[in-house]
Amino acid sequence: MAAGKGPLAGLRVVEFAGLGPTPFAAMLFADMGADVVRILRPGNPAHVLGLAYDVLDRGRDVLELDLKTPEGTAAARDLVGRADALIEGMRPGVMERLGLGPADFPANPALVYGRMTGWGQSGPLAQAAGHDITYIALSGALHAIGLPEAPVPPLNLLGDFGGGALYLAFGMLAALHHARATGQGQVVDAAISDGVAHLMAMISGMAGQGAWADARSANLLDGAAPFYTTYRCACGGHVAVGAIEPKFWAELLARLGIDPASLPAQMDRSGWREARSRLASVFATRSRDAWARELEGTDACVAPVLSIAEAPLHPHNLARATYTEHEGLTQPAPAPRLSATPGAIGRGSPLRRVSLAEMRARWQLNGTSCCRQNHASPADRP
């Protein structure tokens, strides 16, 4: 599909097909108006997860090229030569062996080359296989999440999408800003293990000053505190409580009919178990939805724990159009929201297959790309 009307309209991105964080990062660019095309090996399914509809594929087209042939590699090199940015998630060295590494595009010095890996382009584990759970394990994040008995993987949100795709997209946008100003592109080495370590900045800082115990279910934000945890209700559902500030804790206790004087002090960790037990007994007397009707929207900081199916139907999400229906599937709308140039879902998945001739014609029509204009003699890319 041609470029959209969002803040990244006119930006050309080549995505080499991959799993998890690479298609999510490409989706972020497409949602904000970039013209993104995925290069896929002939015969491979367009949707790498084997789904009839993959949300991560929305807003872009697919071009079939066999990168193991000279013709396919030459075609890919030609397309990247016309692009502003590239996204790839191969093991280190694979793109170089294909003749598609960062050094293979001297005629496009403003190219931003986005590399997404679990361990990074260097280091002892650079060539090792892995997945979200192994990457977050080395950052200390997995150790901090779960019950005392064992860590619990937080889906693949923390690694693949949080520490991976979002950091790749942010790094590429920073590099694109630099390229627009100077004509000089660069490589973005986005490692999930690096990104998750960076996400742990606040927790690591607290631990370094003795304000965070290196144990699960023992801290302010890991479910140990009675004012920051979940409670089971009479129906079997749960509510989430986040009444950290003293005034919010007081509001919660008042609405639950609990006398603060009958509980240990809020920040007395030795009394957290007792306080949690008291609150649990109260929450167990009514259903989740009954508590939501009474407490939601108040300073008690309580929300119902919704299922994936329930979330799009919540009044707040409906009012903000947090979810949208696109091509027959309810899915998250583009985020975040920009006031002047909001993002939008493009034609999307299932991916439309395009020819190389069509892509060449499409990207030639608009002249020079947005990050290469006004730089007749850009500096060489490092």
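The values are calculated or read from the model by the stated rules, or taken from the named source; none is laboratory data. Bear in mind that the values here come from a model prediction, so they are computed numbers and not experimental data. Because the Cβ atoms are built from the backbone with ideal geometry, glycine has one as well, and the counts that use them run over all protein chains shown.
Some points to look at:
- Screening segment 266-358 for helices (runs of 4 or more DSSP H) wholly inside it with 2 or more residues that are surrounded by 12 or more Cβ atoms within 10 Å (Cβ to Cβ) and of a type in the set (S, T, Y) returns no ranges.
- Residues that are in contact with a Lys or Arg (Cβ under 9 Å, 6 or more places away or on another chain) and either surrounded by 17 or more Cβ atoms within 10 Å (Cβ to Cβ) or not assigned by TED's automatic domain parsing to the domain that holds L111 (or both) within segment 76-85 comprise L79, R82, A83, D84, A85, listed in sequence order.
- Restricting A103, A129, A150, A165 to residues that are under 25 Å from D31 (Cα atoms) and in the same structural domain as A34 (by TED's automatic domain parsing) narrows the list to A165.
- Residues in segment 174-212 that are within 19 Å of L28 (Cα to Cα), surrounded by fewer than 18 Cβ atoms within 10 Å (Cβ to Cβ) and among the aliphatic types (A, V, I, L, M): A174 alone.
- The one condition in (1) under 25 Å from G33 (Cβ atoms); (2) free of Cβ contacts under 8 Å to residues at least 24 places away in the same chain; (3) not hydrophobic (A, V, I, L, M, F, W, C) that E274 fails to fulfil: (1)
- The set of residues from segment 24-59 being in contact with a strand residue (DSSP E or B) (Cβ under 6 Å, 6 or more places away or on another chain) and surrounded by fewer than 17 Cβ atoms within 10 Å (Cβ to Cβ) comprises P42, Y53.
- Selection from segment 140-169 of residues that are within 11 Å of G20 (Cα to Cα) and not in a helix (DSSP H, G or I): N156
- Which listed residue is in a loop (DSSP other than H, G, I, E, B), farther than 18 Å from Q364 by Cα, assigned by TED's automatic domain parsing to the domain that holds E358 and among the basic types (K, R), from K68, K5: K68
- Qualifying position, being among the small types (G, A, S) and in contact with a helix residue (DSSP H, G or I) (Cβ under 8 Å, 6 or more places away or on another chain), among A224, A240, A211: A224
- Extreme residue, surrounded by the fewest Cβ atoms within 10 Å (Cβ to Cβ), among residues of segment 153-170 that are within 16 Å of Y113 (Cβ to Cβ) and in contact with a Gly (Cβ under 7 Å, 6 or more places away or on another chain): Y167
- Any hit, segment 292-306, residues being assigned by TED's automatic domain parsing to the domain that holds A250, more than 34 Å from the chain's Cα centre (by Cα) and free of Cβ contacts under 8 Å to residues at least 24 places away in the same chain: no
- Some residue of segment 274-282 being on the phi > 0 side of the Ramachandran plot, out of contact with any Asp or Glu (no Cβ under 8 Å at 6 or more places or on another chain) and of a type outside the set (V, I, T): no
- Hits in segment 28-62 - residues which are under 27 Å from the mean Cα position of the chain (by Cα), over 21 Å from E327 (Cα atoms) and either modelled with pLDDT of 95 or more or of a type outside the set (D, E, K, R) (or both): I39, L40, N44
Here's the yes/no breakdown for (1) outside any loop (DSSP other than H, G, I, E, B); (2) free of Cβ contacts under 8 Å to residues at least 40 places away in the same chain:
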residue	(1), (2)
L79	yes, no
M90	no, no
A103	yes, yes
A107	no, yes
W119	no, no
Q127	no, yes
G130	no, yes
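- Close pairs from segment 308-333: first touching a residue at least 60 places away in the same chain (Cβ under 8 Å) and over 22 Å from L56 (Cβ atoms), partner surrounded by 15 or more Cβ atoms within 10 Å (Cβ to Cβ) and among the basic types (K, R), Cβ under 8 Å, at least 6 apart: none
- Members of segment 298-332 found to be touching a helix residue (DSSP H, G or I) at 6+ places or on another chain (Cβ under 9 Å) and farther than 23 Å from A30 by Cα, listed by number: T298, D299, A300, C301, V302, A303, P304, V305, L306, A311, L318
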